[in-house]
């Protein structure tokens, strides 16, 4: 497995948490609670690409040895989302830790695509 760098940091969100966030948003839009607002949906817990890869390897019991290739030109290095407003107005916050989300995702792929 190859990836570019260990300095890239992102916020990862389990798909069910994202769906729950959009459902909360749709209810708030119907009730006109959020007119003119923009919402970010995220965990608030940044993770390096290297840590993500390590957790994927652990979750899948893989024996892959990652290889860092260097920086990618034009790549966004850090992307953070602040979901404070979503919690305040929508009552939403992510509830699935990264490790658990990866485990659920891997199980789903094994079940449906093996």
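Over the chain, Cα pairs under 8 Å with separation of 6+ residues give a relative contact order of 45 percent.
Each stretch of four or more DSSP H residues adds -39500 (n - 2.57); spread over every residue of the chain, this sum gives -12500 deg cm²/dmol at 222 nm. The slack between residue 79 and residue 60, meaning 0.36 nm per residue of separation minus the straight C-alpha distance, is 4.3 nm. To the nearest ten degrees, helix 49-60 and the longest principal axis of the Cα atoms of the chain are 80 degrees apart. Fraction of C-alpha pairs exceeding 16 angstrom in segment 1-76: 64 percent, rounded to a whole number. Taking 7 Å steps out from each Cα toward its Cβ at residue 107 and residue 30 produces label points 3.0 nm apart. Once you order the gyration tensor axes a ≥ b ≥ c over the Cα atoms, which shape class does segment 20-114 get: rounded for a/c under 1.5, otherwise prolate or oblate by comparing a/b with b/c? Oblate shape, in that a/c is at least 1.5 and b/c is the bigger or equal ratio.
FYI, it's all coordinate maths here, none of it is from the lab. Fair warning: this is a prediction, and the values are worked out from it, not measured in the lab. So basically every Cβ, Gly included, is an ideal-geometry build from the backbone, and we count neighbours across all protein chains shown.
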